[in-house]
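Shown next, in structure tokens, is the structure this report addresses.
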Amino acid sequence: MPLADMLQTRHTMSQTVRTEVSGQSQSWGYQLGSVYIRKVHFRDAGMIKQIEEKVVNRLRQVTSAIKQTGANQVNVITSSAEREASMEFGKATAIRPSTLGQALQEIALDPIVASALFEVLETQKLFDSDARLVLLAAGPHNRVLTGLLATRS
């Protein structure tokens, strides 16, 4: 029997053994019903090496197929996640002006909160710029100095 057949299915080997053994068993007075081959032991070193090579090659093929399947699944998950994130960012960009406008309307209802917010925003803008800042102590005597600094710029 070809080695590949023996490795893939034992049924053909069972039928071959049954055919060959039936004649001898009948001469002994027994009728052979069925033959089931559980294990196959090879004694030929060349055949064992051949089997090992086939098994190693098959393991390489299976490993490669598993890796490829995993990579494909990762790509599908990644692309669908990127697509979904893109859609959500698009939705957020679309509703941002409306949301910001509503928030500013609510802030404008309280003049103290609005004043504080815009003061914080202006201060942040100054800190983020490259402008030079001169800090003066509070008091009535600084009006002249403030005026001079303002005209100097």
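Considering only residues that are of a type in the set (Lys, Arg) and more than 19 Å from the chain's Cα centre (by Cα), which ones fall in the stretch 47-75? Those that are of a type in the set (Lys, Arg) and more than 19 Å from the chain's Cα centre (by Cα): Lys49, Lys54, Arg58, Arg60. Restricting Ala94, Ala116, Ala85, Ala103 to residues that are under 19 Å from the mean Cα position of the chain (by Cα) and part of a helix (DSSP H, G or I) narrows the list to Ala85. For the stretch 15-54, give me the residue count where each residue is part of a helix (DSSP H, G or I) and either at pLDDT 80 or above or exposed (fewer than 10 other Cβ atoms within 10 Å of the Cβ) (or both). Looking only at that region, the number is 22. Taking every residue in the stretch 121-145 that is at pLDDT 70 or above and pairing it with any residue that is part of a loop (DSSP other than H, G, I, E, B), at least 6 positions away or on another chain, the pairs with Cβ-Cβ distances below 8 Å are Leu126/Leu133.
What do you reckon, is Gln68 touching a residue at least 12 places away in the same chain (Cβ under 8 Å), not small (Gly, Ala, Ser) and not assigned by TED's automatic domain parsing to the domain that holds Phe118? No; evaluated as a whole, the condition is false for this residue.
Of the residues in the stretch 73-88, at least one is under 30 Å from Leu117 (Cβ atoms) and not hydroxyl-bearing (Ser, Thr, Tyr).
The values are calculated or read from the model by the stated rules, or taken from the named source; none is laboratory data. Values in this document were obtained by computation on a predicted structure and should not be read as measured data. Cβ atoms come from the backbone with ideal geometry, glycine included; neighbour counts cover every protein chain shown.
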